[in-house]
Ligand SMILES: Nc1ncnc2c1ncn2[C@@H]1O[C@H](COP(=O)(O)OP(=O)(O)OP(=O)(O)O)[C@@H](O)[C@H]1O
Ligand SMILES: [Mg+2]
């Protein structure tokens, strides 16, 4: 059921509107001014707000601005005392859906609200699909997990406002992609999206990189240079790795953010800019503030709308979709026709911890593309970091081992039965694991005719580890030649 908040200092009007909406089956609550309305909105959720303009404490236009910056998806309809077109125009500029003239007619009111809420629920459902990033490279966003659906929803909201955004997350979680999505799905999409990697620019050049310089401003400045802030005018400036900028630059950056003006190096002319800032970092800024390494005032300027990207290991539901997404991407890029990923290889991908997150997964799939000769990505073409990490896990060993051996078996027709019987009276995990390892290695050696190098490669086990294990279990490779 939709929930509506009626905000007006006239209690008679509140009552009439409340009863009309109640009859139309809406859930209605009331507030007598903007401030009370905001408090209610912060502590409960409303789909729509009907709001008067002239009210004590906080007027309707100010309340509208604050509601929209708190949650842009709440619909606001303005009630004007008489046909005051100025209020109405201002209100729609600030994001009001529409306005109604007083005295309010019940049937007009219900009609407008029905229409608004229908459009609104469409927006809400739409915002759960992944944002598309219209870049020349044609990047797409992938994510099926609940965590990613929430992120898509947040991106959708962030795209519709102009406030600073701070994107947090481990390396490779997609911070740059999110910054792109916020820009290219928003009102500034046709303007420049300019990236500055704050950690990649030498300290003595960063000021000129940001603000530009005049010819002759310093040794080596042989021509005039336009800074990134000016390039981004009207558009978005993406400050990547913001945690890495020096204390001196933090002060200068804070000044532009506050005053929207800057002075190029060696110039005495101030330049005014209108730039939306999106910043990203994988560092713990709160810790840095405690250690006086990052300015708290700058942090608050940037952190108006925070967005946190969870590591891939905390959204494992996405692994499979991302893996297929990258297979499609590399098929096109490398002009190959890999049809999929074998279940055993997928199992390894799902089990891996992905310290390098999505970038690591992308690299792993690309690596497999180079190595794989078949038409599916198999465990054999996965790097040791992925296949090896699960060798210590019993289940992973079975899957990977079996798959590797089955593949080899077709080629060599060896006896690949690695099964053994468990003694249910004396079950012991460690002993079982060792027995399995022993049988596994014997079968693998049989398959590859006692050749150590081949066995190591095909069974995805480092040669050193293989030799150590053979010694441990008293297995002689030559016996299987
Ligand atoms: N949800 C996603 N769907 C598709 N591709 C993704 C997704 N998230 C990230 N990627 C891809 O993973 C790679 C890493 O993403 P990105 O560069 O945005 O990460 P990052 O958080 O900025 O990393 P770093 O902190 O190392 O700079 C990119 O190639 C990006 O296109
Ligand atoms: Mg990045």
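Bear in mind these aren't lab numbers, they're just calculated from the coordinates by the rules spelled out. All values derive from a computational prediction rather than experimental measurement. Cβ coordinates were reconstructed from backbone atoms using ideal geometry, including for glycine residues, and neighbour counts include every protein chain displayed.
Below, the figures for the structure above:
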read-out: Order of 370, 49 - criterion: other Cβ atoms within 10 Å of each residue's Cβ, fewest first; value: 370, 49
read-out: Calculated FRET efficiency for the pair residue 373/residue 163, C-beta based, R₀ 56 Å, to 0.05; value: 0.65
read-out: Additional length obtainable on full extension of the chain from residue 9 to residue 54, 0.36 nm per residue less Cα span; value: 15.4 nm
read-out: At 0.890 mPa s and 25 °C, Stokes D of the stretch 312-390 from Kirkwood alpha-carbon radius, µm² per second; value: 201 µm²/s
read-out: Mean Cβ count within 10 Å, highest first, over the residues of peptides 475-481, 360-366; value: 360-366, 475-481
read-out: Stokes-Einstein diffusion coefficient of the stretch 214-283, Kirkwood radius over Cα pairs, 25 °C, 0.890 mPa s, in µm²/s; value: 185 µm²/s
read-out: Per residue convex hull volume, Cα atoms of the stretch 211-352, in Å³; value: 191 Å³
read-out: Normalised per residue, the volume of the convex hull around the Cα set of the chain (Å³); value: 240 Å³
read-out: Rounded to 10°, Cα long-axis angle of helix 247-259 versus longest principal axis of the chain; value: 40 degrees
read-out: C-alpha long axis of helix 146-159 to longest principal axis of the chain, angle in °; value: 40 degrees
read-out: For the stretch 3-126, alpha-carbon Rg and Dmax in angstrom; value: 13.0, 38
read-out: Fewest-first ranking of 80, 140, 281, using other Cβ atoms within 10 Å as the exposure measure; value: 140, 80, 281
read-out: Inter-label distance, nm, simple model (7 Å from Cα along the C-beta direction), residue 233/residue 303; value: 3.3 nm
read-out: Distance between modelled label sites at residue 467 and residue 435, nm, 7 Å Cα→Cβ extension; value: 3.0 nm
read-out: Peptides 33-41, 313-321 ordered by average Cβ neighbours within 10 Å, highest first; value: 33-41, 313-321
read-out: Simple spin-label estimate for residue 25 and residue 314 in nanometres, 7 Å along Cα-Cβ; value: 4.1 nm
read-out: Between 0 and 90°, nearest 10: helix 106-126 axis offset from the chain longest Cα axis; value: 20 degrees
read-out: Gained length - residue 263 relative to residue 353, 0.36 nm times residue gap less alpha-carbon distance; value: 27.7 nm
read-out: Rounded to 5, the percent of DSSP beta bridges in the chain classed as antiparallel; value: 10 percent
read-out: Gain on full stretching of the segment that runs from residue 110 to residue 144 - 0.36 nm per residue minus C-alpha separation; value: 8.6 nm
read-out: Overall form of the stretch 186-242 per C-alpha gyration tensor (a/c, 1.5; a/b vs b/c); value: oblate
read-out: The stretch 160-220 - convex hull of the alpha-carbon atoms, volume per residue in Å³; value: 125 Å³
